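Notes to accompany the following structure.
Only the coordinates and a few stated rules stand behind these numbers; no lab work does. Just so we're clear, the structure is a prediction, and the values are computed from it rather than from any experiment. Cβ placement follows ideal geometry from the backbone for every residue including glycine, while neighbour counts extend to all protein chains displayed.
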Amino acid sequence: MTNNQTLGKNIFLKGKDRLMKTPSIFIIILFLIAFSSVITAQTQSGFWESKIGDTSYNLDSGTGERSITLEVKFSKSYEVKPKVFVSVSQLDVDKNYNCRYNVEALSVSRDGFTIKIMIWADTKIYSIGGYWLAYKE
């Protein structure tokens, strides 16, 4: 086999490899697009906040255990009960007292959940807020 024949064969194989790779890449891209829409459909998130002036707000006065609840409704119901993650990203407290608080998701259903904010002792919170994330396992 001459050098020209080998060169021609290598060029042909490279072109053939390109043709074989192109459909594979196309299929992978389609799969990722389809999969991302499935993930998006199974995940919802939002912001929550409570502060002085809200109905039944009692975290800024008194002592002992005090709590409030916030109802969260999903924009689209889940087929099965989702897992819910709640975080705190904003907190305004009285600097003269220790800061003690607990935030948790309760009563999770396919349609929504309840956020419970609890404080104790002499803690005084003027406002508290954060984010929630619901996802299907």
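List the aspartates and glutamates whose alpha-carbon lies under 14 Å from that of Lys83, not counting same-chain residues fewer than 8 positions away?
Partners within reach: Glu104, Asp111, Glu137.
Cut-off under 12 Å on the C-alpha distance; same-chain residues fewer than 8 positions from Lys124 excluded. Which aspartates and glutamates are left, in chain and number order?
Asp60, Glu65, Asp92, Asp94
With respect to the cross-link table entries Lys95/Lys136; Lys73/Lys95; Lys51/Lys73, which display a Cα-Cα separation exceeding 29 Å? Please report the intermediate quantities before stating the final value.
Details: Lys95/Lys136 39 Å; Lys73/Lys95 34 Å; Lys51/Lys73 20 Å.
From the list (Lys95/Lys136; Lys73/Lys95; Lys51/Lys73), the Cα-Cα distance tops 29 Å for Lys95/Lys136; Lys73/Lys95.
Just subtract the alpha-carbon distance of Lys76 and Asp122 from 0.36 nm times their residue separation and send over the number in nm, one decimal. Let's see the in-between values first.
Working: separation 46, 0.36 × 46 = 16.56 nm, distance 3.95 nm.
12.6 nm is the gain from fully extending Lys76 to Asp122.
If packing is taken as the mean number of other Cβ atoms within 10 Å per residue, what is the order of 101-113, 68-80, highest first? Could the numbers behind the result be given before it?
On the way: 101-113: 14.6, 68-80: 12.4.
Put in order of decreasing packing, that is 101-113, 68-80.
Two-decimal Rg/Rh of the stretch 44-135 from alpha-carbon positions, Kirkwood Rh?
Working: Rg = 13.9 Å, Rh = 13.7 Å.
Here Rg/Rh amounts to 1.01.
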